[in-house]
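Throughout, read-outs are computed from the coordinates displayed, never taken from laboratory work. None of these values were measured; they are calculated from a predicted model. Positions of Cβ are generated from backbone atoms using ideal geometry, with glycine treated the same way; all protein chains shown enter the neighbour counts.
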Amino acid sequence: MMAKEMLDQASVESTREIIDIVFDLDGAQVPQNYPFELWPEIVQSLVWLKEEKNVGILPLRGSVSGENLLLSKRTKLILRIPADHAAQTAKLTGQKIKIGGNILQVGAGKARILHAATTLHSMLVESSLGEVEFLADMKIKLQGLNVACNLICDKYRKISSGKQSIAGYGLVLHDLKPQASLLIQRTGLGGARQYGCGIFVPFKAISGLEQD
């Protein structure tokens, strides 16, 4: 896609309000490759998600233990969606989601608007490139969106199951202007948004990038 086409497409997308819907989540653990099971489980209740561009599920927060991700009472299920679909997500409340033999109970959800931040972080931006080439590719994509900022590559990450595999790098964008920050949060970078990839959230510190 040419730079002008990318910019035009992003401009159209940025005019539509995008928000996060934050659900309480009750569960003990999930396998680290949970994204491949979580998305189809969510789509069973919210079929319209498959037709929407740039919607995604933010990575679940927890602590790694072996091949599992241990969840806490503070772990939330967060969907990034167009605001005009917010009411429809209420169907998730009360649902039980089965992932790798583990049951997650979805609680009440609430809307959270996106806020501009000078520093954003994505845990995994999908890419098959080496680190140097990845950063060069990200710079080109950001230029295509007319976004000026500095980049820091986080560590290499890979999610694998018996049938699917996604790899890439964590990425920090800093020194962002407010409009650019909101644009990146609304559109993301790279693919596999349904598996938590390329979704950016405000990042308070640049240090400690090696931590999960």
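Structural remarks
- Under a model in which nothing but the beta-carbon of Lys, Arg (+1) and Asp, Glu (-1) is charged, the range 16-166 shows a dipole of about 280 debye around its Cα centre.
- Over the range 27-82, the pair-distance histogram of Cα-Cα distances with 10 Å bins from zero comes to 22, 50, 25, 3 percent, rounded to whole numbers.
- Seen from every direction in turn and averaged, the convex hull around the alpha carbons of the range 125-212 projects onto 5.9 nm².
- Cα long-axis angle, helix 178-187 against the chain (0 to 90 degrees, to the nearest 10): 50
- The range 91-139: Cα Rg divided by the 2.2 N^0.38 Å rule of thumb: 1.86
- Shape descriptor for the range 62-133: Rg over Rh equals 1.03 (Cα atoms; Rh from the Kirkwood inverse mean 1/r).
- Shown here for the range 57-148: GluC sites (Glu not before Pro) in loop regions (DSSP other than H, G, I, E, B) with at most 12 other Cβ atoms within 10 Å, namely GLU67.
- Diffusion constant of the chain at 10 °C, which comes from Stokes-Einstein with the Kirkwood Cα-pair radius and 1.306 mPa s, µm²/s: 90
- Gain in span if fully extended, GLN164 to ASP24, counting 0.36 nm per residue against the direct Cα distance: 47.6 nm
- Candidate lysines - alpha carbon under 21 Å from LYS204, same-chain residues fewer than 8 apart omitted: LYS76, LYS155, LYS177
- Top of VAL125, VAL47, VAL172 by mean-square fluctuation, Gaussian network on the chain, Cα under 10 Å: VAL47
- Computed extension gain for SER65 through LYS141, at 0.36 nm per residue and net of the alpha carbon distance, reaches 23.9 nm.
- With Cα atoms, 0 to 90° folded angle of helix 131-144 axis to the chain main axis: 70
- Tilt relative to the chain, helix 3-14 - C-alpha long axis, 0 to 90 degrees, to 10: 40
- Annotation for ILE113 and VAL132: the two label points, set 7 Å from Cα along the Cα-Cβ direction, are 4.5 nm apart.
- Semi-axis lengths (Å, descending) of the ellipsoid that matches the C-alpha gyration tensor of the range 72-176: 31, 21, 12
- Paramagnetic reach from GLU52 in the range 82-109 [backbone N under 20 Å; point 7 Å along Cα→Cβ]: 82-97, 106-109
- Signed unit charges on C-beta, dipole axis of the range 76-212, positive-most listed residue ALA108, LEU183, ALA136: ALA108
- Radius of gyration and Dmax over the Cα atoms of the range 17-113, both given in Å: 12.8, 40
- Dipole of the chain, positive end: most advanced residue of VAL147, ILE21, ALA167 [Cβ charges, Cα centre]: ILE21
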